[in-house]
Amino acid sequence: MQSLLASPVSRVSNRSCLGGSQRFPASVKYGLPLRRYGCVSVRCSAKEEESTTTPSPDSPPPQPQPTPVARKVKPKFSDVLAFSGPAPERINGRLAMIGFVAAMAVEIANGQDLLDQISNGGIPWFVGTSVVLSLASLIPLFKGVSVESKSEGLMTSDAEMWNGRLAMLGLVALAFTEYVKGGTLV
């Protein structure tokens, strides 16, 4: 059932209640106080419901209504890469996790600190890894797949965010410690 109050917005005639029809005079109070010289006109409509009678044996059985399929929403580029969007912190966290593990592995294996690793051919590796991981992170987001839909068990999206945040802090702490110490951490 649907009801519609008379107003200029609803395009129902806004006739004066004090005129010819006097449907609901403004001086009569029906629960809520009406404005002075106000007019309330109500129009109701209802859809016919399906009958609950049993079908005859000659009639075909009723067809089930198809359920609407939820379509994936493809987000815009500006929405994905917005400040509070799903991509920036997640991509930076993934890059920091790879960078922290790689920096610690090279430092343990070769004894080079972070500045030596970057100056001795580390920039092409950094750029290549950044491009590959960024594209691998953006493609599912542009297809409408949310990160939360793929998280289950131990590997949840919240755990990935916290690991990425800790890896970012770890990289900054590693660089600061090596700068203050003047050499490698280990």
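What number of residues within the range 154-186 are assigned to a loop (DSSP other than H, G, I, E, B) and among the aliphatic types (A, V, I, L, M)?
Start the filter on the range 154-186 by keeping residues that are assigned to a loop (DSSP other than H, G, I, E, B), which leaves 154, 156, 182-186.
Narrowing further to those that are among the aliphatic types (A, V, I, L, M): 154, 185-186.
Counting residues in the range 154-186 that are assigned to a loop (DSSP other than H, G, I, E, B) and among the aliphatic types (A, V, I, L, M) gives 3.
Residue-by-condition table, conditions (1) open to solvent by 100 Å² or more (accessible area, probe 1.4 Å); (2) within 19 Å of Met168 (Cβ to Cβ):
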site	(1), (2)
Lys74	yes, no
Glu107	no, yes
Leu115	yes, yes
Phe126	yes, yes
Thr129	no, yes
Ser146	no, no
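Which pairs do you get when a residue that is closer than 21 Å to Val106 by Cα and of a type in the set (A, V, I, L, M, F, W, C), found in the range 156-180, comes within reach of a residue that is open to solvent by 50 Å² or more (accessible area, probe 1.4 Å) and not in a helix (DSSP H, G or I), reach meaning Cβ atoms under 7 angstrom, with the pair 6+ apart or on two chains?
Leu174/Leu185
With respect to Ser84, determine if the residue is open to solvent by less than 80 Å² (accessible area, probe 1.4 Å), free of Cβ contacts under 8 Å to residues at least 60 places away in the same chain and of a type outside the set (D, E, K, R). Let's see the steps before the verdict.
Numbers: open to solvent by less than 80 Å² (accessible area, probe 1.4 Å): no; free of Cβ contacts under 8 Å to residues at least 60 places away in the same chain: yes; of a type outside the set (D, E, K, R): yes.
Considered against the rule, which asks whether it is open to solvent by less than 80 Å² (accessible area, probe 1.4 Å), free of Cβ contacts under 8 Å to residues at least 60 places away in the same chain and of a type outside the set (D, E, K, R), Ser84 comes out as no.
The values are calculated or read from the model by the stated rules, or taken from the named source; none is laboratory data. Since this is a predicted model, take the numbers as computed values, not measurements. Neighbour counts run over all protein chains shown; Cβ positions are idealised from the backbone, glycine included. Keep in mind that these areas ignore ligands, DNA and RNA; they rest on the heavy atoms of the full protein, side chains included. Shrake-Rupley method; radii C 1.70, N 1.55, O 1.52, S 1.80 Å.
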